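The next block holds one structure in the form of structure tokens; read it before the comments.
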Amino acid sequence: MEIKGQTAYITGGASGLGEATARTLAAAGATVGVLDMNEALAAKVAGELGGASAACDVTDAASHEAAMASLRDAIGPARIFIACAGIATGAKLVSRDGSATPLEKLTGAIRVNLIGTINSMRLAAADMAAMDPLEDNERGAIVTTASIAAFEGQIGQGDYSASKGGVAASTITYARELAREGIRVNCISPGLMDTPMMDGLPDEVRQSLVETTVFPKRLGHADEYAALAKHIAENRYINGTVIRLDGALRMAPR
């Protein structure tokens, strides 16, 4: 679809991949709605872009519904929805002392990354389905975020891999389901991206990660994710697919 003049919502839009996407879509002429747990930062980003913001916990139905209603009242429903909200966690099934790891430590990413994404998609799709169709009877475009860990999860990433694997696997299912409403569903699976999630790593660890990449020999940039999300929104024939954005990286077991 033509992005100029459309409304786009981005979860996790206050930082990292989400913020870069909000800025890219705003530069292309979209009115952006920024949803994030960090209410102050979301308001700052949205204010700079002439959009609107709302505090949102994607794992909580009531919180997400209220956030969507707030943005809907402020800037209208979204034709474009980018689901970037997520967390990265790590834990093994069996702890170092030989005991079973507490279940909550093994399901946190599933609650945020998978269930949170489904929560976002159900609300976005309901709004899009009620809108008038555009060219090719398109009503909306949803882009979700997985990870290459969905396919080559490392040791200790079971929770995270499962969460992102679920997002990737459900892409074609939801694309088929929403086809009659004219809503496209696609997924981006980033590799090692230079985002705030990486900021806490020591320089030597960051460099070791860079050494595992193929080409280019560097971490991915948030604006590269944003450019791909923008293209997916624009290109009506991209539907039901998972696109790796990883510089040909394939993760080792550890």
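No value in this document is a laboratory result; all are computed from the given coordinates. Here the structure is a predicted model, which is why all the values come from computation and not from measurement. Positions of Cβ are generated from backbone atoms using ideal geometry, with glycine treated the same way; all protein chains shown enter the neighbour counts.
Positive end of the charge dipole of the range 7-244 (Lys, Arg +1 and Asp, Glu -1 on Cβ, about the Cα centre): tell me which of Phe215, Ala78, Thr144 has its Cα farthest that way.
Positive-end residue among those listed: Phe215.
Expected output is a single nm value to one decimal: the length gained when fully extending between Glu135 and Thr241, i.e. 0.36 nm times separation in residues minus the C-alpha distance. What is it? Don't jump to the answer; show the numbers that get you there.
Values: separation 106, 0.36 × 106 = 38.16 nm, distance 2.06 nm.
Answer, rounded to one decimal: 36.1 nm.
Taking R0 as 41 Å, what's the FRET efficiency between Ala69 and Gln154 from their Cβ-Cβ distance, rounded to 0.05?
The computed FRET efficiency comes out at 0.55.
Determine the distance separating the Cα centre of the range 134-166 from the Cα centre of the range 176-237; give it in Å without decimals.
11 Å
In percent, what relative contact order does the chain have, based on Cα pairs under 8 Å that are 6 or more apart in sequence?
On the way: 540 pairs, mean separation 50.7, N = 254.
Rounded, it is 20 percent for the chain.
Taking the convex hull of the alpha carbon atoms in the range 121-254, what volume per residue do you get, in Å³? List each step's numbers first, then the result.
Values: hull volume 15.2 nm³, N = 134.
That works out to 114 Å³ per residue.
Per Stokes-Einstein, at 10 °C and 1.306 mPa s, what whole-number D in µm² s⁻¹ belongs to the range 102-154, with the Kirkwood radius over Cα pairs as the hydrodynamic radius? The partial results should precede the final answer.
Details: Rh = 13.5 Å.
The diffusion coefficient I find is 118 µm²/s.
Once the principal axes of the Cα atoms of the chain are found, what is the range along each, listed largest first in whole angstroms?
So the extents along the principal axes, rounded to whole Å, are 57, 38, 37.
What's the magnitude of the charge dipole for the range 7-244 around its Cα centre, counting Lys and Arg as +1 and Asp and Glu as -1 at the beta-carbon? Answer in Debye, nearest 20.
Working: 20 positive and 27 negative charges, 96 e Å.
Magnitude of the dipole: close to 460 debye.
Hey, what's the per residue convex hull volume over the C-alpha atoms of the range 65-118, in cubic angstrom?
Here the figure is 88 Å³ per residue.
How far apart, in nm, are the 7 Å Cα→Cβ label points at Leu41 and Leu93?
About 3.4 nm separates the two model spin labels.
Suppose each label sits 7 Å from its Cα in the direction of the beta carbon; what would the Thr173-Asp203 distance come out to in nanometres?
Going by the 7 Å Cα→Cβ label model, 4.6 nm.
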